[in-house]
Amino acid sequence: MLADGEKFYFMHSYASNVTTGVNAVAEHSRRLFAAVFRKDLIWGVQFHPELSGEAGKSVMEKFTKL
């Protein structure tokens, strides 16, 4: 769904660990954390797609097609 190296806007310092159900991870200061979650039909993102430019727009378009 997301290409390696895409840039997304993360506003706060909270970061969830990488566990089951994580579909994408992000890296900050060499630490990996969960960026996209999925459980059954529920999807969630840790970043702000509406503030992430073209990359965020692409994610929102893909969500609407699911």
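Its relative contact order, with pairs defined as Cα atoms under 8 Å and 6+ residues apart, puts the chain at 32 percent. Over region 16-58, accessible surface divided per residue gives 71 Å², non-protein components excluded, 1.4 Å probe.
Mean projected area of the convex hull spanned by the Cα atoms of the chain, taken over all viewing directions: 4.5 nm². Note on the chain: dipole from Cβ charges, positive end direction compared against GLY5, ALA55, PHE37; the farthest Cα belongs to PHE37. Within the chain, which trypsin sites (Lys or Arg not before Pro) sit in a loop by DSSP and count at most 16 neighbouring Cβ atoms inside 10 Å? Hits after loop and neighbour filter: LYS7, ARG30. Among LEU51, LEU32, LEU41, the largest mean-square fluctuation in a Gaussian network model of the chain (Cα springs under 10 Å) belongs to LEU41. So the label point goes 7 Å from the Cα of HIS48 along Cα→C-beta, right? Which residues of region 1-42 then have their backbone N under 14 Å from it? Counting backbone N atoms under 14 Å from the label point, the list is 8-14. Electrostatic tally near GLY5: other residues with Cβ closer than 14 Å to its Cβ, Lys and Arg +1, Asp and Glu -1, net -3. Surface composition of the chain: carbon plus sulfur atoms hold 53% of the accessible area, using a 1.4 angstrom probe and ignoring ligands, DNA and RNA.
The values are calculated or read from the model by the stated rules, or taken from the named source; none is laboratory data. Just so it is clear, the structure is predicted and the values come from calculations on it, not from any experiment. Ideal geometry is used to build each Cβ from the backbone, glycine not excepted, and the neighbour counts take in all protein chains shown. Accessible surface areas use protein heavy atoms only, side chains included; no ligands, DNA or RNA. Shrake-Rupley method; radii C 1.70, N 1.55, O 1.52, S 1.80 Å.
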